[in-house]
Structure formats: C-alpha cells, structure tokens
1. Report the local net charge at Y98: Lys and Arg +1, Asp and Glu -1, summed over other residues whose C-beta lies under 15 Å from its C-beta.
2. Need the full-extension length gain, R20 to E101, defined as separation in residues times 0.36 nm minus the C-alpha distance. One decimal, nm.
3. Under the rule of -39500 (n - 2.57) per DSSP H run of 4 or more residues, summed and divided by the residues of the chain, what mean residue ellipticity at 222 nm is obtained, to the nearest 500 deg cm²/dmol?
4. Out of the trypsin sites (Lys or Arg not before Pro) in the range 16-55, which ones are loop residues according to DSSP with at most 13 other C-beta atoms within 10 Å?
5. Once label points are set 7 Å from the Cα along Cα→Cβ at both A125 and A29, what is their separation, rounded to one decimal in nm?
6. If the cut-off is 23 Å between C-alpha atoms, which lysines fall inside it for K8, apart from same-chain ones fewer than 8 positions away?
7. Treat each spin label as a single point 7 Å out from the Cα along the C-beta direction, and report the Q76 to W137 distance in nm.
8. Highest mean first, how do 1-13, 84-96 rank when packing is the count of other Cβ atoms within 10 Å averaged over residues?
Amino acid sequence: MANATITKFGYPATLIRDYRHWVVLLRPAQPTLGSLILAAKSDAIAFGALPPEAHSELATITAEIEAALTQAVAYQKINYLMLMMVDPHVHFHVIPRYEGEREWNDLSVTDAGWAGPPALGQAVALSEDQVRGLSGWLKGLWPS
C-alpha cells in the first residue's frame with residue numbers, strides 16, 4: 001500500500017522500480033530531465049525511524065539510479081534532496097545535474113540552477129503522455 005507521499009507523486013503511473021522498502025518514481029515536475037523521487041514505502045516520517053534493512057537497500061538502489069541516469073542524461077552531478085517539508089513521509093528528490101539542457105523526444109529541460117542549488121520552482125510539468133513515455137524509457141534503462 002502506498003503512503004500519501006508516494007500517491008502525491010503520481011503512483012502508480014510514475015513508478016519506475018519497486019523495491020522491498022522503497023519505490024523509485026518519475027518526478028512529475030522535472031527541474032532537470034530524469035528527475036526522480038526515491039520514496040520509502042513505510043509510514044515513517046523520520047529517516048532514522050526506517051528499519052536497518054531499508055537503509056541497507058539504499059546501496060543497491062542508488063547504484064541503479066546512477067547507472068540508469070548516466071545512460072539517460074549523462075549527468076555531471078547528482079543531488080539527493082530530503083526535504084520532507086510538505087510531504088511528510090521519508091523520500092528524496094533525485095535531481096541529475098548538468099550544464100545546459102537535455103532532450104528526450106520533444107521534451108527539452110534546462111538545468112536552470114546550474115551550478116548552484118536546483119531550481120525546483122522552474123520545473124517542467126509533464127503531461128500524462130510524457131509521464132508514460134519518460135517513465136517507460138527510464139524503466140528500459142534500469143540495470144535490474
């Protein structure tokens with residue numbers, strides 16, 4: 001069962017990969033191309049409240065995220081932002097960072113915040129078709 005934070009980020013339409021303790025979702029608003037949400041399935045609202053197995057699983061998940069996004073957008077840096085101000089359940093905004101823009105099909109997304117903090121307020125809102133297409137493309141690049 002998805003918690004409210006996972007649902008807010010468009011689950012199940014945005015699902016890229018389902019793990020035992022986590023899900024990786026396409027971020028419906030893209031500050032950079034390939035931006036994701038890495039969300040704990042738990043109802044925990046504190047990172048330290050997650051079980052040890054959830055923390056251990058992050059090693060595999062982050063390696064897979066980075067491998068897929070390297071193929072997808074050839075990012076120069078990657079930001080894992082744990083903000084949890086509006087959406088209370090444990091989650092990260094995963095923002096691949098690059099100078100300039102990246103393109104997928106007809107979608108072009110510029111990293112407006114490069115080389116400083118990500119410009120989350122300047123994100124490109126995806127249509128339902130773009131969510132379907134972009135999430136399908138990223139699923140195909142996933143290493144496992």
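1. Its environment carries a net charge of -2.
2. On the way: separation 81, 0.36 × 81 = 29.16 nm, distance 3.37 nm.
25.8 nm is the gain from fully extending R20 to E101.
3. The per-residue figure over the chain is -9000 deg cm²/dmol.
4. Here the trypsin sites (Lys or Arg not before Pro) that fit, given the DSSP loop and packing criteria, are R20.
5. 0.9 nm
6. List returned: K41, K139.
7. Here the answer is 2.1 nm between the modelled labels.
8. Those peptides, ordered most packed to least, come out 84-96, 1-13.
FYI, it's all coordinate maths here, none of it is from the lab. Just so we're clear, the structure is a prediction, and the values are computed from it rather than from any experiment. Neighbour counts run over all protein chains shown; Cβ positions are idealised from the backbone, glycine included.
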